[in-house]
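Nothing in this text is a laboratory measurement; each read-out follows from the coordinates by a stated rule. None of these values were measured; they are calculated from a predicted model. Neighbour counts run over all protein chains shown; Cβ positions are idealised from the backbone, glycine included.
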Amino acid sequence: MSRRLRVAIVAPTLGILGGQSVQAAEILRHWTGDPGVEAWLVPVDPPMPPGLGWAAEVKYARTVATQLAYWPRLWRELRHADVVHVFSASYTSFLLAPLPATLVAKGLGKPVLLNYHSGEAPDHLRRSRVARAALARVDALVVPSRFLVDVFAGFGLEAEAIPNVIDRARFPFQVSASVLPGGHVGIQELECDQAPERLVPRAEHLTHSP
């Protein structure tokens with residue numbers, strides 16, 4: 001019997017509730033019990049090192065303490081992986097979480113799939129030479145929308161669009177006679193990684209009742 005593919009997923013835990021942590025949790029849940037894959041989470045928000053628990057309540061000390069726990073954990077855990085799947089946002093978050101994971105994985109000779117989730121990509125990539133160089137070194141670059149594929153292409157980076165996953169058993173589709181009273185649509189926490197200029201016409205179409 002062949003050995004299972006070992007996949008380390010570098011992402012936030014659900015303690016930092018957001019798109020990255022939810023998507024990582026869903027991927028891990030669907031791979032649970034898979035005979036061909038052994039996947040585990042390498043958290044970008046590991047527990048504080050012994051004796052530094054107090055730092056969790058202090059803004060900049062928390063960042064330093066987290067890095068002191070994060071880098072050694074990357075070296076311990078990524079060395080056992082066949083593939084490293086890194087979730088990424090932009091700006092400072094990129095420097096603190098996905099960049100160290102990419103550097104360690106490459107130092108260990110591991111292939112890296114980087115899953116970039118941020119509508120700030122145009123400005124981030126324009127400003128950061130470090131980000132552009134790091135992204136050019138990964139083995140596969142995945143984004144959740146065609147908008148981001150086009151953004152990365154503008155910087156000479158090839159990305160593949162793979163939409164976010166959703167558990168249809170928990171969120172079943174239901175046909176509704178109307179969107180909302182008055183034919184309006186409510187949008188909460190709208191991310192711009194779907195290109196706002198593309199969403200506005202769709203929203204206008206939905207908000208006009210027949």
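About its Cα centre, the dipole of segment 3-160 is roughly 440 debye, where the only charges are +1 on Lys and Arg Cβ and -1 on Asp and Glu Cβ.
Extension gain for VAL58 to ARG3 (0.36 nm times residue separation, less C-alpha to C-alpha distance): 15.4 nm. What the phi angles of segment 122-128 give under the Karplus curve with 6.51, -1.76 and 1.60, with θ = phi - 60°, is a coupling list of x, 6, 4, 5, 5, 7, 10 Hz, glycine and proline written as x.
Classify segment 5-172 as rounded, prolate or oblate, taking a ≥ b ≥ c as the square roots of the eigenvalues of its Cα gyration tensor: rounded when a/c is under 1.5, otherwise prolate if a/b is larger than b/c and oblate if not. It comes out rounded by the Cα gyration axes.
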